[in-house]
Amino acid sequence: MVELPQRLAHKRHLGDNMKLQGQAHKFGNDINTDEIIPGRYLSTSDPEELAKHAMEDADPEFVVKARPGDFIVAGKNFGCGSSREHAPIALKAAGLSGVIAASFARIFYRSAFNMGLPIFECPAAAAEIKAGDEVSVDLDSGVIADLTTGKTYTAQPLPSFMQELLADGGLMAHVIKKIGVQSQ
Amino acid sequence: MTPPMTITEKILAAHADLEYVEPGQLIQARVDIALGNDITAPIAIKAFRQAGARKVFDPERVVLVSDHFAPHKDIASATQCQIVRQFAQEQHLVHFYEGGDMGIEHALLPEKGIVVPGDLIIGADSHTCTYGGLGAFATGIGSTDLAATMITGDCWFKVPETMLFIFTGKLPRWVGGKDLILYTIGDIGVDGALYRAMEFTGDTIDTLPMSDRLTMCNMAIEAGAKNGIITPDEITLKYVNNRALRPFTFYATDPGANYAFVREYDVSTMEPQVAFPHLPENSRPLSQVGQVPVDQAVIGSCTNGRLEDLRLAAQVLNGRRVASGVRLIIIPATPWIYRQALKEGLFEIFLEAGAIISPPTCGPCLGGHMGILAAGEAAIATTNRNFVGRMGHPESKVYLANPAVTAASAVAGRIVGPDDL
């Protein structure tokens, strides 16, 4: 079972100044879900298994290079194509802090929140952050810092509805809260 | 008085019990049909169980189709299908399709009248937007959203802005819905309709057969759209009349409704379109394709696996042979289409031409099975995506086209139109 973003929700409730930090891995425009997790691996939904093939058709070396906490920094329309939730699952299970992109395809955007994979829409950061730069993101303020160049950027603020989902611990936790009755 | 709304806004408003909605508004809406397949449903079923839910909101409205890696391509995919089957049996789902009853979901649901005009449909499959061809609001979501909807029967949406595409003029021979949508995606790009609704209208659409309308709406997602939609009319009525399993509602855009974007295309001189690797937006008119040899041709998928598509292919293949060294794979999308094609003698033409006839499956479209490409190979396909590695090896290539061009290319061994044979 995919993990719900309890860690994030917990931190948010405590009011901590939660920061994510790691190295940037750069990708171009229109990175689609076939590149994030190719169709040939979809006969399983095991996160660990999917993580082994994260980004394989965009960069076969990615899983070797990426370390826990790292970020994907990409151009426009990240996550376009199939609705496979295996894509955000694979990236989350690979230990990434999240994805910073100029824009996201809508199904991926929605599923990433549901899964608790932090994503940040910020065209300037996506354009200027270079491969290998050390990047940090402050979840509360939405400030993205490129620690290598010293530049900071502000991501689009999360819609309040999305913040609610994250605060509840993802969509399923949100639903459990709503329908507690049925599970009794 | 309520301000004017587009057809998309009206369907969303009706399902949220609101008189009026506007773009950007977040709404909670009732879902008529929630769909999953053998790839996406297992994740949703896990989430459903983890939530402690015991029953789906309505066993007639949760639809499961094991179509992607079926017939089961390996042990892992057989296990996925087993999870779906057990859940469907336990929940007494009325619409669960596998084995000989199974067809490609987006061809099967309209054919069986499970989805009808005016519906709000979500599916854990990006091509769920196909049903916009019937005048329904239909959109793809992830497995977790499907799980939540299977429990509650509703789903939250942000009301999209609508882009209006007006097609005018008579379609030239060998040009159809596939070409219209490839041309449109080529014009606006793969994120040209991101988060938005694409509404197709104009005198060309007024006479466009239902199969072509479904093809157009099917590929709205390839421009990033939330949904594609066509106002239902007499053609729609004729299609749904003897099929619809539930009462349906015809919605239409109000005069004076707001569009975020309007584009008009004169189709009377349009050529068949071919989308080059590795994005559906790389469409070119057939005359500008040049010399492109192909190793494989695929006619099928939720985009172009309907009976009308097979008839077109048969028209081109009749009395001809597939080029030596080329594999032509024809995949009727549903058991009904399969049987009908057999009855009409299309199979005889396909077999005489040297084609392979596959059982209904999504199969090669997403690089699953039944026609995977090796490194360096090229395929022309009536499918919907030509991303890197989509049909197999990351160093293979996929060109997207309509069924007539795909059939002609199989005969020529390179990308050509039927008139070039």
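Looking only at segment B:266-277, filter to residues that are in contact with a strand residue (DSSP E or B) (Cβ under 6 Å, 6 or more places away or on another chain) and more than 20 Å from B:Ala381 (Cα to Cα); which one of those is surrounded by the most Cβ atoms within 10 Å (Cβ to Cβ)?
Within segment B:266-277, the match that is surrounded by the most Cβ atoms within 10 Å (Cβ to Cβ) is B:Val267.
Check A:Ser82, A:Ser141 and return the single one that is of a type in the set (Ser, Thr, Tyr), at pLDDT below 95 and not in a helix (DSSP H, G or I). It would help to see each step written out before you state the result.
Details: A:Ser82 fails: at pLDDT below 95.
From the options A:Ser82, A:Ser141, the qualifying one is A:Ser141.
Can you tell me which residue in segment B:94-132 is surrounded by the fewest Cβ atoms within 10 Å (Cβ to Cβ), limited to those that are among the small types (Gly, Ala, Ser) and within 11 Å of chain A (Cβ to nearest Cβ)? Steps first, please.
Restricting attention to segment B:94-132, the residues satisfying the condition of being among the small types (Gly, Ala, Ser) are B:99-100, B:103, B:107, B:113, B:118, B:123-124, B:126, B:132.
Of the ones still in play, those that are also within 11 Å of chain A (Cβ to nearest Cβ) are B:123-124, B:126.
Working: B:Gly123: 30, B:Ala124: 30, B:Ser126: 27.
My answer is B:Ser126.
Taking segment B:157-176, which residues are under 23 Å from B:Gly140 (Cβ atoms) and touching a Leu at 6+ places or on another chain (Cβ under 8 Å)?
B:Phe157, B:Lys158, B:Val159, listed by residue number.
Would you be able to tell me the number of residues in segment A:115-124 that are at pLDDT 95 or above and in a loop (DSSP other than H, G, I, E, B)?
1
Among the residues of segment B:189-204, is any part of a strand (DSSP E or B), surrounded by fewer than 24 Cβ atoms within 10 Å (Cβ to Cβ) and under 22 Å from the mean Cα position of the chain (by Cα)?
For segment B:189-204, residues part of a strand (DSSP E or B), surrounded by fewer than 24 Cβ atoms within 10 Å (Cβ to Cβ) and under 22 Å from the mean Cα position of the chain (by Cα): present.
For segment B:108-129, enumerate the residues that are hydrophobic (A, V, I, L, M, F, W, C), touching a His at 6+ places or on another chain (Cβ under 8 Å) and in a loop (DSSP other than H, G, I, E, B).
If the condition is that a residue be hydrophobic (A, V, I, L, M, F, W, C), touching a His at 6+ places or on another chain (Cβ under 8 Å) and in a loop (DSSP other than H, G, I, E, B), then B:Ile114 is the only one that fits.
I'd like the full set of residues that are facing chain A (nearest Cβ under 9 Å) and either within 20 Å of A:Ile31 (Cβ to Cβ) or among the basic types (Lys, Arg) (or both), limited to segment B:366-407.
Those that are facing chain A (nearest Cβ under 9 Å) and either within 20 Å of A:Ile31 (Cβ to Cβ) or among the basic types (Lys, Arg) (or both): B:Leu366, B:Gly367, B:Arg385, B:Phe387, B:Val388, B:Gly389, B:Arg390, B:Met391, B:Gly392, B:Pro394.
Output the number of residues of segment A:49-84 satisfying the condition of being touching a residue at least 40 places away in the same chain (Cβ under 8 Å), of a type in the set (Asp, Glu) and within 13 Å of chain B (Cβ to nearest Cβ).
Final tally of qualifying residues: 0.
Please go through segment B:167-220 and give me each residue that is within 14 Å of chain A (Cβ to nearest Cβ) and aliphatic (A, V, I, L, M), ordered by number.
B:Ile185, B:Ile188, B:Val190, B:Ala193, B:Leu194, B:Ala197, B:Met198, B:Met219, B:Ala220
Taking the conditions exactly as written (out of contact with any strand residue (DSSP E or B) (no Cβ under 7 Å at 6 or more places or on another chain) and away from every other protein chain (no Cβ under 13 Å)), does B:Met1 satisfy them or not? Full working, then the answer.
Numbers: out of contact with any strand residue (DSSP E or B) (no Cβ under 7 Å at 6 or more places or on another chain): yes; away from every other protein chain (no Cβ under 13 Å): yes.
For B:Met1, the condition - out of contact with any strand residue (DSSP E or B) (no Cβ under 7 Å at 6 or more places or on another chain) and away from every other protein chain (no Cβ under 13 Å) - is met.
Exactly one condition in (1) modelled with pLDDT of 95 or more; (2) at negative phi; (3) away from chain A (no Cβ under 14 Å) is false for B:Lys226; which is it?
(3)
Inside segment B:19-51, can you point out the residues that are hydrophobic (A, V, I, L, M, F, W, C), buried (at least 17 other Cβ atoms within 10 Å of the Cβ) and over 30 Å from B:Gln86 (Cα atoms)?
B:Val21, B:Ile27
Got at least one residue in segment B:133-149 being away from every other protein chain (no Cβ under 14 Å) and either part of a strand (DSSP E or B) or among the acidic types (Asp, Glu) (or both)?
Step one: of segment B:133-149, the residues away from every other protein chain (no Cβ under 14 Å) are B:133-137.
Keeping just the survivors that are either part of a strand (DSSP E or B) or among the acidic types (Asp, Glu) (or both) gives B:137.
There is at least one residue in segment B:133-149 that is away from every other protein chain (no Cβ under 14 Å) and either part of a strand (DSSP E or B) or among the acidic types (Asp, Glu) (or both).
Suppose we filter A:Ala131, A:Ala87, A:Ala112, A:Ala127 for residues that are of a type in the set (A, V, I, L, M), more than 14 Å from the chain's Cα centre (by Cα) and assigned to a helix (DSSP H, G or I); which single one remains?
It is A:Ala127.
Conditions (1) in a loop (DSSP other than H, G, I, E, B); (2) small (Gly, Ala, Ser); (3) surrounded by fewer than 21 Cβ atoms within 10 Å (Cβ to Cβ), marked per residue:
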residue	(1), (2), (3)
B:Cys217	no, no, no
B:Thr231	yes, no, yes
B:Leu245	yes, no, yes
B:Asn258	yes, no, yes
B:Val262	no, no, yes
B:Leu279	yes, no, no
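Taking the stated definitions as given, is B:Arg85 within 12 Å of chain A (Cβ to nearest Cβ), surrounded by fewer than 22 Cβ atoms within 10 Å (Cβ to Cβ) and without any contact (Cβ under 8 Å) to a residue 60 or more places away in the chain?
Judged against the criteria, B:Arg85 is not a match.
Pull up segment B:334-365, narrow it to residues that are hydroxyl-bearing (Ser, Thr, Tyr) and surrounded by 24 or more Cβ atoms within 10 Å (Cβ to Cβ), then point me to the one that is farthest from the other protein chains (Cβ to nearest Cβ). Before you say what the answer is, go through the steps one by one.
The first filter runs over segment B:334-365 and keeps only residues hydroxyl-bearing (Ser, Thr, Tyr), leaving B:334, B:338, B:358, B:361.
In the following step, the residues that additionally are surrounded by 24 or more Cβ atoms within 10 Å (Cβ to Cβ) were identified as B:334, B:361.
Values: B:Thr334: 21, B:Thr361: 13 Å.
My answer is B:Thr334.
One residue is enough: does segment B:375-387 have a residue meeting the conditions under 28 Å from A:Cys80 (Cβ atoms), in contact with a Leu (Cβ under 9 Å, 6 or more places away or on another chain), crowded, with 19+ Cβ neighbours inside 10 Å and among the hydroxyl-bearing types (Ser, Thr, Tyr)? Reasoning before the result, please.
As a first pass, look at segment B:375-387 and keep what is under 28 Å from A:Cys80 (Cβ atoms): B:375-387.
Restricting the remaining residues to those that are in contact with a Leu (Cβ under 9 Å, 6 or more places away or on another chain) gives B:379-387.
Subset that is crowded, with 19+ Cβ neighbours inside 10 Å: B:379-387.
Add one more test, that the residue is among the hydroxyl-bearing types (Ser, Thr, Tyr), and what stays is B:382-383.
Yes, that holds for at least one residue.
Could you please let me know if B:Thr8 is more than 18 Å from B:Thr152 (Cβ to Cβ) and touching a residue at least 60 places away in the same chain (Cβ under 8 Å)?
Here the answer is yes, as B:Thr8 does meet what is asked.
Quick one: in segment A:85-123, of everything that is within 10 Å of another protein chain (Cβ to nearest Cβ) and among the hydroxyl-bearing types (Ser, Thr, Tyr), which residue is farthest from B:Pro280 (Cα to Cα)?
A:Ser111
Conditions tested, residue by residue: (1) over 24 Å from B:Glu111 (Cα atoms); (2) within 24 Å of the chain's Cα centre (by Cα).
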| position | (1), (2) |
| --- | --- |
| B:Ile349 | yes, no |
| B:Cys362 | no, yes |
| B:Ala374 | yes, no |
| B:Glu377 | yes, no |
| B:Ile380 | yes, yes |
| B:Val388 | yes, yes |
| B:Met391 | yes, yes |
| B:Ala401 | no, yes |
| B:Arg414 | yes, no |
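Only residues that are among the hydroxyl-bearing types (Ser, Thr, Tyr) and crowded, with 24+ Cβ neighbours inside 10 Å: list them for segment B:172-188, please.
Passing the criteria: only B:Thr184.
So is B:Asn282 at pLDDT below 95 and not hydroxyl-bearing (Ser, Thr, Tyr) or not? Steps first, answer last, please.
Numbers: at pLDDT below 95: no; not hydroxyl-bearing (Ser, Thr, Tyr): yes.
Here the answer is no, as B:Asn282 does not meet what is asked.
The values are calculated or read from the model by the stated rules, or taken from the named source; none is laboratory data. What you see is a predicted model; the values in this text were computed from it and never measured. Ideal geometry is used to build each Cβ from the backbone, glycine not excepted, and the neighbour counts take in all protein chains shown.
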